[in-house]
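The values are calculated or read from the model by the stated rules, or taken from the named source; none is laboratory data. Bear in mind that the values here come from a model prediction, so they are computed numbers and not experimental data. Cβ atoms come from the backbone with ideal geometry, glycine included; neighbour counts cover every protein chain shown.
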Amino acid sequence: MWLTVLVVSAGLAAGGILLVGVLNFALLRAVNAEALDTAKGVAKLVDEDSLVNQLISVNPAMRVQVIDGNQRVLAVSAGADRLTPMLHDDELRGLKDGDVTEIPGYRIGLDGDVRVVMKTAGPPSAPVRVLVARSTDDLSQGVHLLRVTLLIAFPLLVGMLAAIKWRILGAALRPVDALRAGAEEITGGTRAGRLPVPESRDEIYRLAVTLNGMLHRLDAARARQRAFVADAAHELRSPLTNMRAELEIAQRLPDTDWPALSADLLTDVDRLSRMVDDLLLLARSDDGAQADRRRTAEVDLDGVVAAVVCRYPEVSYQRPADPVLVTVEPDAIGRVVGNLLDNASRHARSKVSVEVAAEGEWARITVCDDGPGIPPADRERVFDRFTRLDDARARDAGGSGLGLAIVRELVRRHHGSVTLGDASPGLRVDIKLPVTRKPVVPVT
């Protein structure tokens, strides 16, 4: 702020100096012009042979003399000397027609400095010189008064500008200071994660709203991260607890069936491995991972789905009549189908069906089962991580609550969509992926 006041002060000072200089120059030009006009008027009288000894001057600050070539005074105005010219010989010698010179006013009975104009008149054989003196004392007093006024008003004006600047900047920066204080309180943990929003609808208001939106997203991300870590720790604890309990019991029993125990332990290890893989996949998706172009390939969707369905003998598969070409990561789409079939097989009463079809620019994979289905109110929630509509039953069935979350993430990476619906009875899951667009080959 003080730098701004200093710059404004320098500008005002320069403007004041320029104003005084310009005004002084303009006034001096006006004095010269007035004296020259008077000199021309007297010269006209000389040329017309109408000159009188006593000239009339309407300006008391002006003196007029008419002198001949021998420096004799021929005519004067009121107050002018009748015997001695107002300019000395050396001053007259270098003065040309219409030139202006300056002399002290006390020499001719005037106050301050005097501007003298010389004008030549009369016939060439007997020329005379008209001298008109004009005092600049009144003009100097005006300039001096202006200078004093500026010297007095300048500090007051600068002080007033500084006060106004301080007031305006203080009012403008007060919301910024409130934002800074709020940020310090949030950092210190003494305030909730929201910054104060000013009442004015200006840039500071929009900044505060934007920052609060960012803080809200950060809080939501931290909450999701904490929930994710807590759920992951809870899910990983269950198989580890089972394994520890089985091993402790085996240590205490002399006739432990080690082959059966190892089979149970391998089951829990497989469950842990699958869960760790799922967590890693979801962690990469949180970093904004997209489909790996190095692993994508143009494939027939029928072949990808058929390779997964063959691992589920109870699943019926309706194959498309024509090839359905898509550019995808085959392993990722295979995992999507596998997760859907695992979920459908756990909840189906008697049958699970899969269908692949082409619908315009989209390829559709439909998985249906005749299980209890999912209520419409829960069809969005089941895509959240570690979500089970029946936690105890799902955990006993081997589900971790990550299957549908992985399905949505992998489909999203391929710019597709996944929706849940009714299969009458049961659940219907539709996966849509963009088909590969073939370039149009012109007919020659």
Exercise. Out of all the residues in the range 7-48, which are hydroxyl-bearing (Ser, Thr, Tyr) and either more than 60 Å from the chain's Cα centre (by Cα) or at pLDDT 85 or above (or both)?
Worked result: Thr38
Exercise. Does the range 174-196 include one or more residues that are closer than 30 Å to Asn24 by Cβ and more than 27 Å from the chain's Cα centre (by Cα)?
Worked result: no
For this session: Determine which member of the set Leu87, Leu51 is crowded, with 18+ Cβ neighbours inside 10 Å, at pLDDT below 85 and assigned to a loop (DSSP other than H, G, I, E, B).
Result: Leu51
For this session: Among the residues of the range 123-148, count how many are under 30 Å from Val46 (Cβ atoms) and not charged (D, E, K, R).
Result: 13
Problem set entry | helices (runs of 4 or more DSSP H) wholly inside the range 328-428 that include at least 3 residues being modelled with pLDDT of 85 or more | 330-347, 403-413
Exercise. Does Gln251 satisfy the condition of being in a helix (DSSP H, G or I) and either within 60 Å of the chain's Cα centre (by Cα) or surrounded by 11 or more Cβ atoms within 10 Å (Cβ to Cβ) (or both)?
Worked result: no
Exercise. Taking the range 188-224 as the search range and keeping residues that are assigned to a helix (DSSP H, G or I) and modelled with pLDDT under 75, which one is nearest to Pro175 (Cα to Cα)?
Worked result: Gly188
Problem set entry | Filter pass, Leu18 being within 12 Å of Arg134 (Cα to Cα) and either among the aliphatic types (A, V, I, L, M) or in the same structural domain as Thr136 (by TED's automatic domain parsing) (or both) | no
For this session: Would you check if there is a residue in the range 12-34 being without any contact (Cβ under 8 Å) to a residue 40 or more places away in the chain, in a helix (DSSP H, G or I) and among the β-branched types (Val, Ile, Thr)?
Result: yes
